[in-house]
1. Taking the stated definitions as given, is residue 231 closer than 24 Å to residue 369 by Cβ and in contact with a strand residue (DSSP E or B) (Cβ under 7 Å, 6 or more places away or on another chain)?
2. I need the helices (runs of 4 or more DSSP H) fully contained in segment 154-257, keeping only those with at least 3 residues that are farther than 30 Å from residue 359 by Cβ and touching a residue at least 60 places away in the same chain (Cβ under 8 Å).
3. Taking segment 1-16 only, how many residues are exposed (fewer than 11 other Cβ atoms within 10 Å of the Cβ) and either part of a helix (DSSP H, G or I) or touching a strand residue (DSSP E or B) at 6+ places or on another chain (Cβ under 6 Å) (or both)?
4. What do you reckon, is residue 106 more than 14 Å from residue 356 (Cα to Cα) and either assigned to a helix (DSSP H, G or I) or under 21 Å from the mean Cα position of the chain (by Cα) (or both)?
5. Please enumerate the residues belonging to segment 76-90 that are touching a helix residue (DSSP H, G or I) at 6+ places or on another chain (Cβ under 9 Å), in a helix (DSSP H, G or I) and surrounded by fewer than 16 Cβ atoms within 10 Å (Cβ to Cβ).
6. Going by what's in this entry, would residue 346 be described as modelled with pLDDT of 95 or more, within 21 Å of the chain's Cα centre (by Cα), more than 25 Å from residue 118 (Cα to Cα) and part of a helix (DSSP H, G or I)?
7. If a residue must be more than 14 Å from residue 225 (Cβ to Cβ), within 25 Å of the chain's Cα centre (by Cα) and at pLDDT 95 or above, how many such residues does segment 171-210 contain?
């Protein structure tokens, strides 16, 4: 621990300071990375293109530093793994996540095989909607022309989330309602307030807090549902105490993604306008692709880098080539990866702060999708078993938690069930197109 302050922690700090210092010039304005990345979701293609070019230019200017950091962190990880006699480069992460390597390998393989049915298929549809034969990489997160502009008032968002929770379980809604009634949520935008959203459990003897930045978009309602799911999970697991209430990363999204799906389905059922429904479905599919497909591609990139680093230091071009190989495979032929995109690996903080962290996102999302598929087909008793799962916190292995639902993460069919949920949403989109 003492030595790491001049080793891996120092390079983590160097990465953070470099990211904080970087500025991206777009139309004469210098901006931070958060603002520049946000422009990749702008409604206007020229704005997205300029943002992409500015990001690529600044990433390239700083590539020697990022390459040094990546090489150092990968070597540091390899040294620790060798000292602890781990067989695989990611075994230390699997141990901290309390999940077997074979299970993660099965997840990675299932997602990879599903690329053509998920990301390739969806992005081909989106290119057609945008009037393109092939999208550029800066169009990947472009909003659809049908995206609704209506601002959803806070009270309506609260009622929508609580209504969705109550339809599943009145107890779940009662716990979530306390966050509103007792002011456990910080929602308004304010100068100096941090971006993003999270739920913080503090300590088990105190209630959790939720932070969101609510602007009234449909995605903000989803984010509220997501973070309240975390809050409900934290309240239910608190009885396990300070040491065992927290779950490993692979199970941390169990209640949040489930609550988000409940709310999404509630909102979708209330939507009669075809264009709005299409935009909602498309946004949900994109979020799920970013969580599952993109994170597994990130994991495969890390595996390539860390494996190659064992043989010696990697050049900038070698790292760029590894990045492009996984991106081509995962994004598919409907997206053109123009010059500049080869540097986009450099800004992902997980690669530096928490090597191999990224697969936990895909694990959690697919796990919840499988659970939701069971819920849709369950006759009775699902809610009770689900609450027992949340109350367990970190006291049980994932195999114990999933057994009451007839699920087994070591079975490839488990991951197929979760991925079929995403495929089903794409089917719904295709059916809308054909109406």
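1. Yes: the conditions hold for residue 231.
2. Output list reads 154-168.
3. Of the residues in that region, 3 qualify.
4. So residue 106 passes the test.
5. 80
6. Spelling it out, residue 346 is indeed modelled with pLDDT of 95 or more, within 21 Å of the chain's Cα centre (by Cα), more than 25 Å from residue 118 (Cα to Cα) and part of a helix (DSSP H, G or I).
7. 4
The values are calculated or read from the model by the stated rules, or taken from the named source; none is laboratory data. Quick caveat: nothing in here was measured; it's all calculated off a predicted structure. Note that we place each Cβ from the backbone using ideal geometry, even for glycine, and neighbour counts take in every protein chain shown.
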